[in-house]
């Protein structure tokens, strides 16, 4: 019983480069458009091009999960309570959550506000939440994939190096500090860079 309890409260978060993410077998795409579902409950789902938007999901590990991708526009600002109700209708009493996205741009004034509002709701209603908050680079973006059977989030974050203008990807722990304003890995979540696990004892500032 003790072993089952431990397994039930653990999720893997794995960062990979684009060539790995693009070759993954992926099903159930989540878009941010208002004419398509932007919340989806399934055993597997994914979304791409999360820039100023906020994406992520709610999880009961190995049981059920849902993903979302919310556009940071005025329509979603006005219907924020409705979005929250929808999120917690699909997966009731989730044990873990993940949030990622947003940017501080004058052209997208609701981006930071939307992320902060969702973060507050998640931290109030979900015991364990990992988040990757506020892309620092104007042209950076993140894609994600989640699998219930593997209880694994696979993330791919790209950015352009301001010095040599080359496109790069998060592939080591130091990149997280460079690309995101705020990173927090929830207690029990395991962080990987490719196949290598990042240990809390080595990067305590990530596991808050």
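Which of the following residues is at pLDDT below 95 and closer than 19 Å to residue 74 by Cβ: 106, 127?
Details: 127 fails: closer than 19 Å to residue 74 by Cβ.
Sole residue among the options that is at pLDDT below 95 and closer than 19 Å to residue 74 by Cβ: 106.
Residues considered: 119, 106. Of these, the only one that is surrounded by fewer than 23 Cβ atoms within 10 Å (Cβ to Cβ) and within 15 Å of the chain's Cα centre (by Cα) is 119. Against the condition assigned to a strand (DSSP E or B) and more than 16 Å from residue 51 (Cα to Cα), how does residue 102 come out, does it pass? Here the answer is no, as residue 102 does not meet what is asked.
Given the criteria modelled with pLDDT of 95 or more and under 15 Å from residue 11 (Cβ atoms), does residue 146 qualify? Let's see the steps before the verdict.
Details: modelled with pLDDT of 95 or more: yes; under 15 Å from residue 11 (Cβ atoms): yes.
Yes; evaluated as a whole, the condition is true for this residue.
Can you tell me how many residues in the range 186-199 are in contact with a helix residue (DSSP H, G or I) (Cβ under 9 Å, 6 or more places away or on another chain) and either in a strand (DSSP E or B) or surrounded by 14 or more Cβ atoms within 10 Å (Cβ to Cβ) (or both)? Steps first, answer last, please.
Initially, the range 186-199 is screened for residues in contact with a helix residue (DSSP H, G or I) (Cβ under 9 Å, 6 or more places away or on another chain), giving 188, 191, 193-194, 198.
Keeping just the survivors that are either in a strand (DSSP E or B) or surrounded by 14 or more Cβ atoms within 10 Å (Cβ to Cβ) (or both) gives 188, 191, 193, 198.
Qualifying residue count for the region: 4.
For the range 61-99, a tally of residues being touching a strand residue (DSSP E or B) at 6+ places or on another chain (Cβ under 8 Å), crowded, with 16+ Cβ neighbours inside 10 Å, farther than 12 Å from residue 39 by Cβ and free of Cβ contacts under 8 Å to residues at least 40 places away in the same chain returns 1. Of all the listed residues (41, 78), the sole one being more than 16 Å from the chain's Cα centre (by Cα) and modelled with pLDDT of 95 or more is 78. Restricting 35, 13 to those that are surrounded by fewer than 14 Cβ atoms within 10 Å (Cβ to Cβ) and either farther than 28 Å from residue 178 by Cβ or modelled with pLDDT of 95 or more (or both) reduces the list to 35.
With respect to (1) in a helix (DSSP H, G or I); (2) surrounded by 23 or more Cβ atoms within 10 Å (Cβ to Cβ); (3) within 13 Å of the chain's Cα centre (by Cα), the lone exception for residue 114 is condition (3).
Out of the residues in the range 141-185 that are farther than 20 Å from residue 195 by Cα and in a loop (DSSP other than H, G, I, E, B), state the one that is nearest to the chain's Cα centre (by Cα). Among them, the one singled out is 161.
The values are calculated or read from the model by the stated rules, or taken from the named source; none is laboratory data. No experiment lies behind these values; they were computed from the predicted model shown. Positions of Cβ are generated from backbone atoms using ideal geometry, with glycine treated the same way; all protein chains shown enter the neighbour counts.
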